[in-house]
Amino acid sequence: MYITNEQKIAVFEPMFKKFENEYILEFFKEIVQFIPNAIFYKPASSSGKYHNKQQIGDYGQLIHIYMFFDILNMFLDLEYNRKKFDSSIQRDLMRCIPALHDMNKYGRYGMRTHTTSEHPIMAAKRIAEINQQKNFEHSLPEYQIQRLCEMCERHSGQWNEWTVREYDGEVHKGIMETPQNDADMLIHECDMLASRSWLTYEIPDDLMQRFKDNIDLTSF
């Protein structure tokens, strides 16, 4: 089934009110249209080992994204963190990460059966690539894209080794950057909390209905 751009935007619409800068919000609205369809209906973990039961069920990756987003904003609303991250631009760039950090978790086109350990690097490269497209209307300055890409690549924290087995059996391995500053580390910590098997998230009924209204699981 093809998921329309309008449906993708509708799925993320509840997040919009948290953004403080209109131009970053417009960038966010446009770039989520490039997220592969798989992210809108597949689980957050194909093995079921690393996420709670909600996130390995229906709309699992979307639930992970919203849990991550809500945890991040809870921390950003604290007075201590408002002083530490005192730029609204920095805070808004961080708010983009929950939806984008795993966008290539099932590969560039979302066609892989299992999640891929190199997906943080893939997401970083994809964000930079999209922002440079001539028909991308709401591109961000290069230094802001660089920060987005850095936070994406570093979101796995100390678990930064990746391995991928290609379809021909060839195995590739590599190392990703670990968090280098407070923003990187907060992103990692929020993602880590949002992926613990023993932490659940009470997803609002209206948000779950929004998923159902826009993404028909019976079509996949």
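Miscellaneous remarks
- Counting heavy atoms of the protein chains alone, PHE75 has an accessible area of about 50 Å² for a 1.4 Å probe.
- When the helices of the chain are scored as -39500 (n - 2.57) per DSSP H run of n ≥ 4 and the total is divided over every residue, the value at 222 nm lands at -14000 deg cm²/dmol.
- Pairs from LYS29/LYS83; LYS42/LYS134; LYS8/LYS173; LYS8/LYS212; LYS125/LYS212; LYS17/LYS53 whose Cα-Cα separation, in the structure shown, is over 21 Å: LYS29/LYS83; LYS42/LYS134; LYS8/LYS173; LYS125/LYS212; LYS17/LYS53
- Gyration tensor (alpha-carbon) shape descriptor, the range 1-46, a/c threshold 1.5: prolate
- Ligands, DNA and RNA excluded, the heavy atoms of CYS149 present near 20 Å² of accessible surface to a 1.4 Å solvent probe.
- Per residue, the chain exposes an accessible area of 50 Å² to a 1.4 Å probe, with every protein chain left in place.
- Of all accessible heavy-atom area on the range 2-142, the percent that carbon and sulfur account for (1.4 Å): 52 percent
- Helical segments meeting 15 Å axial Cα length and Kyte-Doolittle 0.5 threshold in the chain (DSSP H): 60-76
- Taking all Cα pairs closer than 8 Å and separated by 6 or more residues, the relative contact order of the chain comes to 24 percent.
- Overall dimensions of the range 36-138 as given by Cα atoms, namely Rg and Dmax in Å: 15.2, 43
- Value in Å of the Kirkwood radius, where the range 130-220 supplies the Cα pairs that are averaged: 17.0 Å
- Global geometry of the chain, whether rounded, prolate or oblate, following the gyration tensor of its Cα atoms and the 1.5 cut on a/c: rounded
The values are calculated or read from the model by the stated rules, or taken from the named source; none is laboratory data. The model shown is predicted, which means the values in this text are computed figures rather than measured ones. Note: accessible area is taken over every heavy atom of the protein model, side chains too, but ligands, DNA and RNA are not part of it. Shrake-Rupley method; radii C 1.70, N 1.55, O 1.52, S 1.80 Å.
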